[in-house]
1. Of all residues in segment 38-71, which are under 14 Å from the mean Cα position of the chain (by Cα) and either farther than 17 Å from residue 109 by Cβ or of a type outside the set (Phe, Trp, Tyr) (or both)?
2. Looking at segment 140-159, which of its residues are of a type in the set (Asp, Glu) and within 21 Å of the chain's Cα centre (by Cα)?
3. Being surrounded by fewer than 17 Cβ atoms within 10 Å (Cβ to Cβ), within 29 Å of residue 35 (Cβ to Cβ) and either of a type in the set (Ser, Thr, Tyr) or at pLDDT 95 or above (or both) narrows it down to one of 169, 224, so name that one.
4. So in segment 241-274, with the set limited to residues that are in contact (Cβ under 8 Å) with a residue 12 or more places away in the chain and among the basic types (Lys, Arg), which one is farthest from residue 145 (Cα to Cα)?
5. Could you go through segment 251-264 and let me know if any residue there is closer than 26 Å to residue 7 by Cα and under 18 Å from the mean Cα position of the chain (by Cα).
6. With a cut-off of at least 1 residues that are surrounded by 13 or more Cβ atoms within 10 Å (Cβ to Cβ) and without any contact (Cβ under 8 Å) to a residue 60 or more places away in the chain, name the helices (runs of 4 or more DSSP H) lying wholly within segment 1-103.
7. Among the numbered conditions (1) closer than 14 Å to residue 54 by Cα; (2) hydrophobic (A, V, I, L, M, F, W, C); (3) loosely packed, with under 13 Cβ neighbours inside 10 Å, tell me where residue 153 comes up short.
8. Can you say whether residue 277 is of a type outside the set (A, V, I, L, M, F, W, C), in contact (Cβ under 8 Å) with a residue 60 or more places away in the chain, closer than 23 Å to residue 46 by Cβ and part of a loop (DSSP other than H, G, I, E, B), as far as the supplied structure shows?
Amino acid sequence: ILVNVPGAGFLAAPVLDASGHLASPGGILHYIYETGIATGIFPLVIFMGVGALTDFGPVLANPRTLLLGAAAQFGIFATVLGALALSAMNLMDFSLADAAAIGIIGGADGPTAIFVASRLAPDLLGAIAVAAYSYMALVPLIQPPIMRFLTTVEERRIEMRQLRSVSKTEKIIFPLALLLLVALFLPTAAPLLGMFCFGNLMRESGVVDRLSDTARNALINITTIFLGLGVGSKLSSEAFLNQKTLGILVLGIIAFAIGTASGVLMAKLMNRFSSTKINP
C-alpha cells in the first residue's frame, strides 16, 4: 500500500544537487530495501534466528530422513524447467536467472527465496516473495490432498519407532561439520548456511542462552517486519499486476505440489528396502 501512494515518495532515491550536496534524502522504503535486502542482510539475520530455533536431534537420530528433504527439491528443478519451457513457447519471458529464482519457491523457504531472488532477479522479487510466503501459509490446504492421493490408509497408519537419544556433543559438532562441507563444496551458499549454523551452534552450546533467545525471538521478529517492508517496496502496481506475476504464482504452486509428491514417493520407495518403516 505504501509504495502505491501517489506522490508520497516512500521509494524515492536520494537526490543530489549540482554541488553534490543532498537535496532530497529519499524515502524510507528505499533505504530499507537497499540496506537489508539488496545487501542480503535481512535474510541472513533471519536464517541465524531459524538456526537458533532448529533442533537437529531427529535428523541425527534418523539420518535417512535427509533423503526425504533431498527428494523434495525435485520441485525446484521441475519449476526451473517449466519456466524455461514457458519462455521457449513464447508464453512468458523468463531468463535462466529468472527461472532459477522462481524455482527456489519450491524450497518452501521465504528467506532463501528472497535472498536468491535479490541476487538473480531483483525485478521479480516482490512476486516471488508473495508466492513463497503465500504458499507456505497454504501448506495445510496444498499438501493433504496430494498426500492422501499418493498413500494408502495402511501407509498413513504407520507408527514410527522411538528415535535414539542424541548427545549434546553430536548436536554441537553437526553445525560445524555442515558449515565446513558447505564451504568446501558449495561456497556460494556459505553466507546463508553459515548464519544458520551459527544460530544453531548458539542454541546447542548452551553458553549463550540469552543471545540465542534474542536471535530466535526478538531479533527474528524485528527483522521480519523490516523484511516485509523491504519486499513490499517491490510491489508497486506496475511491477506486480502483470502477466509474469501470474506465471510465477502458477509455477510456485506447481513447485510446492511436485516437492510434496517427491517427498512422499521417496518415503514409499525407502519403505520397500527397509524394515524400519517411515510414515510417508
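The values are calculated or read from the model by the stated rules, or taken from the named source; none is laboratory data. Source: prediction; values computed, not measured. We place every Cβ from the backbone using ideal geometry, glycine too, and count neighbours over all the protein chains shown.
1. 40, 43, 44, 45, 46, 48, 49, 50, 51, 69
2. Hits for segment 140-159: nothing passes.
3. 224
4. Result: 244.
5. No.
6. Output list reads 28-32, 41-53, 57-61, 74-88, 96-103.
7. (1)
8. Spelling it out, it is not the case that residue 277 is of a type outside the set (A, V, I, L, M, F, W, C), in contact (Cβ under 8 Å) with a residue 60 or more places away in the chain, closer than 23 Å to residue 46 by Cβ and part of a loop (DSSP other than H, G, I, E, B).
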